[in-house]
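Everything on this sheet refers to the single structure shown next.
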């Protein structure tokens, strides 16, 4: 048992305890992050059409006053913050997808955003061609003889010239 003023040197703290201490020092609480996230999302949803922005994690971090890496660390320990991050990603994907399709956003930029941030990929064209010929051995032999005789005539014709 530790008493006030005793040294904690040599005591190991769990990640959760470290997070709580860190949050207490920085005055960033779970409630602050949730409030900041809701404020950021509502600001985007309720903005006039000319002032609409593409939602980003960076925007959320700026409103919350926290670094991106710190936000991701806290999201691992706080499901509500992780949900806000996922919601912002989903909003971004929806706006990029619909904006690119309807030409409200530059389609090339929309495609770039969807590929780089949302994991979209070009699917290669798959060409399957199956040729099934039922050729009898006799017909195949006749065709090969005909091809060889044409080749010989062409060679003779070139030599004679």
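The values are calculated or read from the model by the stated rules, or taken from the named source; none is laboratory data. Source: prediction; values computed, not measured. All Cβ positions, even for glycine, are placed from backbone atoms using ideal geometry, and neighbour counts span all protein chains on display.
Some points to look at:
- Test result for residue 116, in a loop (DSSP other than H, G, I, E, B) and modelled with pLDDT under 75: no
- In region 103-128, the residues that are farther than 19 Å from residue 56 by Cβ form Cβ pairs under 7 Å with partners that are at pLDDT 70 or above, at six or more places apart or across chains, as follows: 107/100; 121/115.
- Filter pass, residue 41 being at pLDDT 90 or above, under 22 Å from residue 115 (Cα atoms) and crowded, with 17+ Cβ neighbours inside 10 Å: no
- When residue 74 is tested against (1) surrounded by fewer than 18 Cβ atoms within 10 Å (Cβ to Cβ); (2) closer than 29 Å to residue 29 by Cα, only condition (1) is not met.
- In the set (1) assigned to a helix (DSSP H, G or I); (2) within 19 Å of the chain's Cα centre (by Cα), the condition left unmet by residue 73 is number (2).
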